[in-house]
Amino acid sequence: MQGKICVVTGANSGLGKATSHKLAEMNAHVIMVCRNKEKGMKALEEIKEATGNNSIDLMICDFASRKSIHKFAEDYKLKYKRLDALIINHGIFNLKLQRTDDGIESMFAVNHLGSFLLMNLLLEIIKASSPSRIIIVSSDIYKQVRKMNLHDYNFEKRKFRGFIAYAESKLYSIMISNLLSDKLKETDVTINSVHPGFTKTNMGMNNRMYKIFYPLLGIFAKTPEKGAQTSIYLASSPEVEGISGRHFINKKQTETNEISQNKEFQQELWQLSKRLCNLE
Ligand SMILES: NC(=O)c1ccc[n+]([C@@H]2O[C@H](COP(=O)([O-])OP(=O)(O)OC[C@H]3O[C@@H](n4cnc5c(N)ncnc54)[C@H](OP(=O)(O)O)[C@@H]3O)[C@@H](O)[C@H]2O)c1
């Protein structure tokens, strides 16, 4: 990965930190994107110290805020002239209904819209750097979604259920990855989604009930290093050159369900997301 520029979001903890660490070990120039400067610096210093790679940068972005995403993208384009691998990894899981300052349900806003806006704002530089790759960390929990609820993405008509809101946001990652891969067919940019598997990280630890049961559940969890392997594989391996629009588990391609593959739903999601992000 020498000479490659890799951006990892949600890089200070869990899977993002393990992904950044491994890519730094492989000599990539890693840009760790975090919302909290202190936490980000701490993780960056640890990775520098452990890998001996000093070519690691920290940039700040809060994916709950459109303004912050625009600022990050502008700063990035001023500082860097290329982007070889974008690993969209950040994510949250809330059992209770929370809304962003823009009034949008937080998992839809951070996990889906934040990723969507980021990809769109960086797409030109990614295309200009091709062959280049986008990797989006989803979850197989998406299968819990039985029908599309885009008409009520904001949980105004439905009773809020945290697992469903999380699952929907992860379904949307797969759908956008699939549709964007169609749109990028004539380019040398690939985009794939990943299910890392159940991994022991900070995910969900902001929920009291989850935290109580976690010591039991955690016995079955992978380490972040193991969980991050498929993202790292997709960002770096020659084996996946040219492969796009696919979903990966344990470094293997796997079929996703009918809802996720439905082109009409994908278009509907794309249009809604564009409108909510104020994109042309
Ligand atoms: N762990 C699992 O079992 C599992 C399974 C399937 C999929 N996933 C997916 O894997 C990805 C990584 O999660 P993880 O398990 O490594 O959890 P984690 O340890 O909680 O890491 C999540 C990262 O996202 C960042 N983040 C959260 N909200 C953000 C925001 N508004 N703006 C910027 N960054 C934000 C967090 O920053 P802070 O530290 O500042 O909060 C943290 O760096 C997520 O997309 C998750 O959905 C995880």
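Brief remarks on what is shown
- Over segment 5-276, the ratio between the Cα radius of gyration and 2.2 N^0.38 Å evaluates to 0.94.
- R0 of 22 Å, Cβ-Cβ distance Ser130-Glu268: FRET efficiency to nearest 0.05: 0.20
- Amide hydrogen neighbours beyond the local backbone of Thr199, cut-off 5 Å, H modeled: Lys222
- Once you divide the Cα radius of gyration of segment 1-56 by 2.2 N^0.38 Å, the number left is 0.96.
- Most to least packed among 135-141, 195-201, 83-89, 47-53 [average Cβ atoms within 10 Å]: 83-89, 135-141, 195-201, 47-53
- Springs between Cα atoms under 10 Å define the GNM used for the chain, and in it the highest mean-square fluctuation of Tyr142, Tyr166, Tyr153 occurs at Tyr153.
- Extension gain from Glu225 to Asn206, taking 0.36 nm per residue of separation minus the Cα-Cα distance: 4.6 nm
- Choice from Arg99, Arg133, Arg66 showing the highest fluctuation, given a GNM over the chain with Cα pairs closer than 10 Å: Arg99
- Fraction of accessible area attributable to carbon and sulfur, the chain (%, probe 1.4 Å): 51
- Efficiency of FRET from Cβ geometry, Ser68 and Lys159, R₀ 35 Å, rounded to 0.05: 0.70
- In the chain, Cα pairs under 8 Å separated by at least six residues give a relative contact order of 19 percent.
- Surface analysis of segment 5-276 yields an accessible area of 47 Å² per residue, using protein heavy atoms and a 1.4 Å probe.
- Projected label distance in nm at Lys77 and Ile60, using a 7 Å step from Cα toward the beta-carbon: 2.2
- Panel note: the C-alpha atoms of segment 110-176, placed on their principal axes, show extents of 44, 22, 16 Å (largest first).
- Taking 1.567 mPa s as the viscosity and 4 °C as the temperature, the Stokes-Einstein diffusion coefficient of segment 1-131 based on its alpha-carbon Kirkwood radius rounds to 87 µm²/s.
The values are calculated or read from the model by the stated rules, or taken from the named source; none is laboratory data. Nothing here was measured: the structure is a model prediction, and the numbers come from that model. So basically every Cβ, Gly included, is an ideal-geometry build from the backbone, and we count neighbours across all protein chains shown. Quick note on the areas: whole protein, heavy atoms, side chains included, nothing else; ligands and nucleic acids left out. Shrake-Rupley method; radii C 1.70, N 1.55, O 1.52, S 1.80 Å.
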